[in-house]
Amino acid sequence: MADSHGGNEKTSAHTETDGGHDSGFPPFESSTFASQLVSLVIAFVALYIIVSRVALPRVGAVIDARQNKIEGDLGEAQKLKDQSESALKAYESDLAAARSKAQAIGAETREKMNAASDAERKSLEDKLAVRLTEAEKTIAATRATAMGNVRGIASDAAAAIVQRLTGSAPDSSAVARAVEASLKG
């Protein structure tokens with residue numbers, strides 16, 4: 001039973017209030033308002049001075065440094081962009097110049113090839129004209145020779161035909177006159 005009685009003493013001791021503290025919560029005590037306000041003002045002023053003199057300049061310096069870094073990076077990026085655009089324009093102008101030069105070289109080469117072709121064609125035409133003239137002379141000489149031979153062959157053939165038909169050889173001058181008359185027309 002001592003258990004239950006001892007247990008009651010412990011619980012009753014916790015529920016009882018200490019009799020020495022009759023005052024309320026210190027911030028709500030009207031007698032300490034003035035000292036609390038002075039302490040609050042001093043703490044606020046000290047905090048304001050610390051923040052305005054130490055923390056804000058550091059934060060401002062970091063923000064300014066970051067802003068300057070960003071502006072510097074943007075400026076560098078713009079500079080590089082301008083350089084790449086100028087390099088691209090230079091490349092395009094060089095490419096256009098190379099194309100026009102290639103076209104000019106191609107046109108010049110075509111003109112040279114056409115001129116060489118025309119010269120070779122003219123040379124061949126001249127050679128062919130000379131050969132044609134020589135061939136015509138040779139043909140004319142051969143024709144004249146052949147025509148001379150035709151008269152002789154025609155005279156011999158006519159004399160042989162007449163001799164076979166008549167049995168006697170005809171006069172060669174008469175056969176030549178008859179062949180000549182026949183060839184003229």
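Couple of notes before you dig in:
- Evaluated against (1) in a helix (DSSP H, G or I); (2) surrounded by 10 or more Cβ atoms within 10 Å (Cβ to Cβ); (3) of a type in the set (A, V, I, L, M), A181 falls short on exactly one condition, (2).
- Looking across the stretch 131-146, the residues that are open to solvent by less than 80 Å² (accessible area, probe 1.4 Å) and more than 23 Å from L183 (Cα to Cα) come down to T133, A135.
- Selection from the stretch 147-178 of residues that are open to solvent by less than 50 Å² (accessible area, probe 1.4 Å) and either in contact with a His (Cβ under 7 Å, 6 or more places away or on another chain) or not in a helix (DSSP H, G or I) (or both): P170
- Residue that is under 25 Å from the mean Cα position of the chain (by Cα), free of Cβ contacts under 8 Å to residues at least 40 places away in the same chain, surrounded by 10 or more Cβ atoms within 10 Å (Cβ to Cβ) and assigned to a helix (DSSP H, G or I), where the choices are K101, K112, K127: K101
- Number of the exception - K81 against (1) at pLDDT 90 or above; (2) closer than 30 Å to A176 by Cβ: (2)
The values are calculated or read from the model by the stated rules, or taken from the named source; none is laboratory data. Just so it is clear, the model here is predicted, and its values are computed rather than measured. Here the Cβ is made from the backbone with ideal geometry for all residues, glycine too, and neighbour counts use every protein chain on show. Note: areas computed on protein heavy atoms with side chains; ligands, DNA, RNA excluded. Shrake-Rupley method; radii C 1.70, N 1.55, O 1.52, S 1.80 Å.
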